[in-house]
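The values are calculated or read from the model by the stated rules, or taken from the named source; none is laboratory data. As the structure is a prediction and not an experimental result, all values here were calculated from the model. For neighbour counting, all protein chains shown are included, and Cβ atoms are generated from backbone atoms with ideal geometry for every residue, glycine included.
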Amino acid sequence: MSDAAPQVLCLGEALVDRLGPLGCDPATADPRDCVDRLGGAPANVACALARLGTPVAFIGRLGADAIGNSFQELLGNRGVDLRGLQIDPQRPSRVVLVRRDSCGERVFQGFSGDRGEGFADQALNQPSLDPIWCALAEEARWLLIGTIPLATEASAATLHSAVSQAERDGVRIALDVNWRPTFWDPSADPVAGPHPQALALMQPFLEKASLIKLAREEAEWLFGSSDPAAISASLPQQPDVLVTDGGHPVRWSMAGHRGSVAVLAPPQVVDTTGAGDAFTAGLLHQLVTLTPSTGKPHQLSAAVVQQVVRYAAACGALVCAGAGAIDPQPLPSRVIEFLEQLES
């Protein structure tokens, strides 16, 4: 674990993505033909931040099982602060079944391993977090959250509490919406938009966030628009907003400026898993680095914001060059080298 106090706190799920063979159902495929990858957006971002050199803590809950042990080893080896990691003696770590079509496009279609009490991440416990919050947040600039914890009562209560404490302590909220309908209802259409109950639960966090990252379809579901400036203007905090759109440019409204950055072509495309999480990590890393005393991006010029988003895009591109969301996450020297190669 890093000796430095965490600058970013990543709260949410750590899980295993079980990738079925191309064109096959992972629920019925021979396990020997499936590939298990450690993942979960907050865990991915925590690992990527640590590799980039930003002190980071992970707040989540895992089972007392082989997956939990693997995560503890991985996060510990990366230097992630694990004081906020809870181990559940009853519920297992979650395994997400990921169906891939013949071209490798992914759909989250259900879960494996539930023994009748749900999964460990659903039971993220507020009373266990409260005694250590002050120590974790002492020098933190950002709390990164997503919407998946809102799908379960216990983890939703913990998320509400953490955001309230972050507001009290001057820690800014970064929200990656990361809408996944199967976490709310395993039988839901994996490409369906948020239902009214989910939208109502998300709204308070949208209104409290200082930084919001959305995919284009998420922006349209939640705001009826994919224009970052319009989204920002519709919220009381007028947050910085970034909208990603697959291979199309990333559009942003940050620090009072507007712009777009083209998606950068990776050296090769092996697996796109975790590219968005690496982008988020690159973004937060740059904001912490450039604004260490206040964490306030509004002090940045338009040119610097453009460089920040381009750095984040490079982090996302480089992850696509390797298998899985975590192993290919780049060191900062590799990000700089890649950007220099693109400019030469």
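Give Ser232, Ser210 a once-over and let me know the one that is small (Gly, Ala, Ser), under 27 Å from Gln306 (Cβ atoms) and within 19 Å of the chain's Cα centre (by Cα). Steps first, please.
Numbers: Ser232 fails: within 19 Å of the chain's Cα centre (by Cα).
Just one listed residue meets the conditions, Ser210.
Please state which one of Pro236, Pro249, Pro228 is on the phi < 0 side of the Ramachandran plot, touching a Phe, Trp or Tyr at 6+ places or on another chain (Cβ under 9 Å) and either of a type in the set (Phe, Trp, Tyr) or in contact (Cβ under 8 Å) with a residue 12 or more places away in the chain (or both).
Pro228
How many residues are farther than 24 Å from Cys24 by Cα, surrounded by fewer than 22 Cβ atoms within 10 Å (Cβ to Cβ) and of a type in the set (Lys, Arg) when one looks only at the stretch 70-101?
Adding up the residues that qualify gives 2.
What number of residues in the stretch 32-51 are closer than 19 Å to Asp176 by Cα and assigned to a helix (DSSP H, G or I)?
10
Kindly indicate whether any position in the stretch 155-176 is out of contact with any helix residue (DSSP H, G or I) (no Cβ under 7 Å at 6 or more places or on another chain) and more than 30 Å from Ala230 (Cα to Cα).
no
Filter the stretch 239-253 down to residues that are modelled with pLDDT under 95 and more than 17 Å from the chain's Cα centre (by Cα), then give me how many there are.
Residues in the stretch 239-253 being modelled with pLDDT under 95 and more than 17 Å from the chain's Cα centre (by Cα): 2 in total.
Out of all the residues in the stretch 212-220, is one or more in a loop (DSSP other than H, G, I, E, B), surrounded by 15 or more Cβ atoms within 10 Å (Cβ to Cβ) and not aliphatic (A, V, I, L, M)?
no
Given the stretch 79-195, what helices (runs of 4 or more DSSP H) lie entirely inside it while holding 1 or more residues that are touching a Phe, Trp or Tyr at 6+ places or on another chain (Cβ under 6 Å) and hydroxyl-bearing (Ser, Thr, Tyr)?
Because the criterion is at least 1 residues that are touching a Phe, Trp or Tyr at 6+ places or on another chain (Cβ under 6 Å) and hydroxyl-bearing (Ser, Thr, Tyr), the helices (runs of 4 or more DSSP H) in the stretch 79-195 that meet it are 181-184.
Each row is one residue, and each column tells you yes or no for (1) aliphatic (A, V, I, L, M); (2) more than 20 Å from Phe111 (Cβ to Cβ); (3) modelled with pLDDT of 95 or more; (4) under 19 Å from the mean Cα position of the chain (by Cα).
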residue	(1), (2), (3), (4)
Ala154	yes, no, yes, no
His160	no, yes, yes, yes
Gln165	no, yes, yes, no
Ala174	yes, yes, yes, yes
Pro186	no, no, no, no
Asp189	no, no, no, no
Leu201	yes, yes, yes, yes
Ala215	yes, yes, yes, yes
